[in-house]
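Heads up, the thing below is written out as structure tokens.
The values are calculated or read from the model by the stated rules, or taken from the named source; none is laboratory data. If you're wondering where the values come from, they're calculated on a predicted model, not measured in any experiment. Cβ placement follows ideal geometry from the backbone for every residue including glycine, while neighbour counts extend to all protein chains displayed. Surface areas here come from the heavy atoms of the whole protein model, side chains and all, with no ligands, DNA or RNA. Shrake-Rupley method; radii C 1.70, N 1.55, O 1.52, S 1.80 Å.
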Amino acid sequence: AALWTASTKEEMEASIEDSIKYIVIYGTIPVGIISVSEKTKGYYHLGCLCVIPKYQGMGIDTQLFRYILSVLPDWKQITLITPVDKEQIIKFYTRRCGFRLGNKVKVENVEVVNFYMKRDIPVYLEEKQKFEKEIFDEKFR
């Protein structure tokens with residue numbers, strides 16, 4: 001299952017068009033993708049984070065998100081939107097990625113929740129992220 005973060009078909013299409021995308025290759029097989037777009041300087045929106053079901057549960061999604069943080073050194077805030085009824089996805093973003101829950105709204109008869117993550121990262125954590133990026137690069141490239 002995909003971690004769907006766009007709230008309308010138009011937003012999904014715009015996310016595909018206007019975003020930076022990284023594809024995870026496991027061996028020779030593409031198994032996941034993440035896309036992010038910069039709304040204003042340092043303010044990003046996560047449009048898609050998907051891992052093929054067969055490869056879920058291996059930590060790829062968490063490492064993929066950490067990787068995106070490492071390649072966006074200027075990020076100040078990251079936001080995303082996902083349907084409220086996707087409990088597993090909500091737990092992933094809050095517990096594994098560190099997002100905070102924002103407000104709930106209804107978009108085209110679907111109740112969605114906004115998530116946000118603000119940067120207040122100490123220097124030691126940036127060093128940890130660089131290390132994790134190196135591990136990610138070795139493991140998935």
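So for each of 94-100, 113-119 I average, over its residues, the number of other beta carbons within 10 Å; can you give me the resulting order with the highest mean first?
Working: 94-100: 15.1, 113-119: 17.0.
Output ranking for 94-100, 113-119: 113-119, 94-100.
Which value, in Å² and to the nearest 10, is the accessible area of Val24 when all protein chains are kept and the probe is 1.4 Å?
The value for Val24 is about 10 Å².
Could you do me a favour and compute the accessible area per residue for segment 49-96, 1.4 Å probe, result in Å²?
Each residue of segment 49-96 exposes 49 Å² on average to a 1.4 Å probe.
Using a ≥ b ≥ c from the Cα gyration tensor of segment 16-105 (square roots of the eigenvalues), is it rounded, prolate or oblate, where a/c under 1.5 gives rounded and otherwise the larger of a/b and b/c decides, a/b for prolate?
The shape class here is oblate.
Out of segment 85-122, which GluC sites (Glu not before Pro) are coil in DSSP terms and have no more than 15 other C-beta atoms within 10 Å?
Passing sites in segment 85-122 are Glu108.
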